[in-house]
Amino acid sequence: MYLTDRSAPVKAGTDPARRRGPGRTVAPVVLVLGTVSLITDISSEMVTAVLPLYLVTTLGFSPLGFGTLDGVYNGVSALVQLTGGHLADRVRNHKLMAGLGYGLSALCKPLLLLAGSIGTLGTVLALDRTGKGLRTAPRDAMISLSAPAARQGRAFGVHRAMDTTGAMLGPLAAFLILRAAVDGYDAVFGVSACVAVFGVSACVAVLGVLVLVLFVPGRQPAPKTDEAADEVVDEAVVADGRQPVRVREALALLRLPPLRALAGCAALLGLTTVSDAFVYLLLQRRAGIGEEWFPLLPLGTAAVFLLLAVPVGALADRIGRRTVFLTGHAVLLAGYALLLWAPATPALPAAVLALHGTFYAATDGVLPAALAAIVPDRLRASGLALVGTSQALARFCCSLAFGAAWTVWGDGPALAGSAIGLLCCAGVASIVLRPAETTR
């Protein structure tokens, strides 16, 4: 079906989670990868919590200039996701490619200490995102292959919850370091404070790589796929598992109608998904939040994401991933509406951040979980990379367009245009991602 609207039933005796009983439904590899992501996200979010207001307030970036850099930071990974996913499938070692990606990002953190110009900063951030692009598809493939199809949403929910714990601790750590490094913000982020954040961030990143190398198995047997997966696998992509995966096999995945629909809708919705940094800048201006508290805004999103990731993932397994995925974008649209029209009361930041976190809980893990019954095991990382690349490229374009619209027309009209676009794109996606006539 188009987005695995309901997980196909699994034959008795073939569902490992069912044999273990309800008390143990998450594979150990998911927990270990979650720990790696938790540690790495502490490192990454320490940097991303500092950058937006520092660049706009201290360095005087225009919205267009910041949108360009933000697009590079979040979009460069799209250019290498396909490479990372294909190589992971080709060498049949997802851990190796994920380790290379985590290692590259860790090496980039100390280089931020040497970034004395916007060109150098942009280059280092691009390399950091290259590492993210290399690791994302292999990591998600390991999660997907360790869980039965009927529990993909829960497995990704557990991983995203652990990942988001790091996303909570990172901004908090950056806030505390900044408070200790400078005696108050005085409306700017001091260079010495940023150096302190980047230095600690580098040490934490190295720790995450060590956990991956020491505790994640290099290869793990995949659970048996259900009948729904077999029905959508085209003969062109089913080859001898002992042969290396070829590029044309990975590209042949695009001949699968469910995957084409999923990749196309992820891109369509990504074109109108305003980046996190812009959301926090808009909220800071709209609610009149003091600049010294800006690094804590991602904490609100992460807290809600952490609370909802597992239950929403499990809900997607039960009622349909299509429904939950589209509902998440409806929630994001409600957040845009609050930023546009709600009065600037003390409740506004909490409401917007709660909706923002709910959006991520309903989409971030649900999207890769939807691929479980679409892509064969041996091409799992390639399939994840195709969908992830389409979404990342679209969000890169959105950052550029939103920054330009803000510069020309102002923040309100720019956000209103994104909201109208999201409403239209969600309507199209709800038609394209329609469930098949049968769920078998």
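The values are calculated or read from the model by the stated rules, or taken from the named source; none is laboratory data. Everything numeric here is computed off the predicted structure, so don't read it as measured data. Here Cβ is always computed from backbone atoms with ideal geometry, including for glycine, and neighbour counts include all displayed protein chains.
Brief remarks follow.
- Members of region 126-141 found to be within 9 Å of S105 (Cα to Cα) and among the aliphatic types (A, V, I, L, M), listed by number: L127
- Test: residue in region 132-139 that is assigned to a helix (DSSP H, G or I), hydrophobic (A, V, I, L, M, F, W, C), modelled with pLDDT under 90 and surrounded by fewer than 24 Cβ atoms within 10 Å (Cβ to Cβ): no
- Residue match in region 385-399 (condition: touching a Pro at 6+ places or on another chain (Cβ under 7 Å) and over 15 Å from C265 (Cβ atoms)): no
- Residue count for region 289-334, restricted to those that are assigned to a helix (DSSP H, G or I) and either acidic (D, E) or farther than 21 Å from S275 by Cα (or both): 16
- If you filter region 35-74 down to residues that are of a type in the set (V, I, T) and surrounded by fewer than 21 Cβ atoms within 10 Å (Cβ to Cβ), you find that the one that is nearest to G290 (Cα to Cα) is T57.
- Scan of region 282-307 for residues that are under 20 Å from the mean Cα position of the chain (by Cα) and surrounded by fewer than 23 Cβ atoms within 10 Å (Cβ to Cβ), ordered by number: L296, L299, G300, A303, V304, L306, L307
- Test: residue in region 142-155 that is of a type in the set (D, E, K, R), part of a helix (DSSP H, G or I) and modelled with pLDDT of 85 or more: yes
- Unmet requirement for V80, which otherwise passes all of (1) over 22 Å from R246 (Cα atoms); (2) buried (at least 20 other Cβ atoms within 10 Å of the Cβ); (3) β-branched (V, I, T): (1)
- Qualifying helices (runs of 4 or more DSSP H) (wholly inside region 340-440; at least 1 residues being surrounded by 20 or more Cβ atoms within 10 Å (Cβ to Cβ) and among the aromatic types (F, W, Y)): 347-363, 380-409
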